[in-house]
Structures are given as C-alpha cells and as structure tokens.
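One structure is given below, encoded as structure tokens.
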Amino acid sequence: MHCRTRTPADTSPSAAVGASARSFYAAGEAGAAAVTALYEGLATVPDDTISAHNSAQQLLGLTPHTTGQWLAWIGL
C-alpha cells in the first residue's frame, strides 16, 4: 500500500477553508435541487395552489423588495 506524503499545502488553514467552501456550495446546490424538485412536483397537483390569501407573503405581512433595492444592496 502506498501512502502519499502530506505537504504543508494539505494542512494549511487556507486548504481547509477551500474544502469547507466547496462542501458548503455542494450542499447549497443539493438543497436547491431538492427545493426545485419539490416545487416541480407541487406544480403538477391541481388542488395544491398558493393563492394571494394564503401566501407566506400575506400571512407574514411581507412586502417584496424591488429590483432596484436588490441591485443597490449589491452595489450596482
């Protein structure tokens, strides 16, 4: 059995951060795929609709932000 010699780059804090960032993004992509699949499935159920009176926006009293607000927040 051959064991690779570890280098300082393997154990550096930046290497660990890079690995955790990759893991974080992979988890985010998996989560997004699961949510997408959920909504695609819900779209095929005729009696499962979100109307204005039972939407989360209405129930929580939220007002969506404008495109201009989002762009301003990211500096565009």
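Some values worked out for this structure:
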{"quantity": "Global form of segment 20-64, assessed from the alpha-carbon gyration tensor, a/c cut-off 1.5", "calculated": "oblate"}
{"quantity": "Length added when fully stretched, Thr36-Ser55, from 0.36 nm per residue minus Cα-Cα", "calculated": "5.0 nm"}
{"quantity": "Full-stretch length increase - Ser23, Gln69 - with 0.36 nm per residue and alpha-carbon distance subtracted", "calculated": "13.5 nm"}
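Every read-out reported here was derived from the displayed coordinates using simple, explicitly stated rules and does not represent laboratory data. These numbers were taken from a predicted model, which means no experiment stands behind them.
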